[in-house]
Amino acid sequence: MYYRLNGVTQRLTGAPATAYSPQGLRPNVPPVSPPVIFATPTKLASEAGSQVEYLGPNRVPALQKLFQMSDGVPVHLKRGLIDKLLYRTTMGLTVGGVVYCLVALYVAAQPGNK
């Protein structure tokens, strides 16, 4: 049994089989590819071959050598001054946050004036 929406009562009512007409299915229509959105053609992965273009030089071997050097410096501080500044800023903010939380707990624990 098929159903259709009654326009007056806005409820589903029974309908004969002739009422069934799906809107998305049209017989005998050949599939058409959508138009090209961008003007430049794209390359498929199989067309590109094994050569890949990078934006810059490969710095991985130099960074591996830097990070694997055993000089007693932690890995997160190996790249110099900027790493030290970021580390110290993070530690300062962490300590400041802990102090702020402890002060807030102390203030919240005080009895209110009535």
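The values are calculated or read from the model by the stated rules, or taken from the named source; none is laboratory data. It should be emphasised that the depicted structure is a prediction, and the values quoted were computed from it without experimental measurement. Every residue, glycine among them, receives a Cβ derived from its backbone with ideal geometry; neighbour counts consider all protein chains shown. These area figures cover heavy atoms from the full protein model, side chains too; ligands, DNA and RNA do not enter into them. Shrake-Rupley method; radii C 1.70, N 1.55, O 1.52, S 1.80 Å.
Go through Ser70, Ser21 for me and flag whichever is at pLDDT 85 or above, of a type in the set (Gly, Ala, Ser) and exposed (fewer than 10 other Cβ atoms within 10 Å of the Cβ). Talk me through it step by step, then tell me what you get.
Numbers: Ser21 fails: at pLDDT 85 or above.
Exactly one of Ser70, Ser21 is at pLDDT 85 or above, of a type in the set (Gly, Ala, Ser) and exposed (fewer than 10 other Cβ atoms within 10 Å of the Cβ), namely Ser70.
Residue-level check: of (1) open to solvent by 100 Å² or more (accessible area, probe 1.4 Å); (2) at pLDDT 95 or above, Val95 misses just (1).
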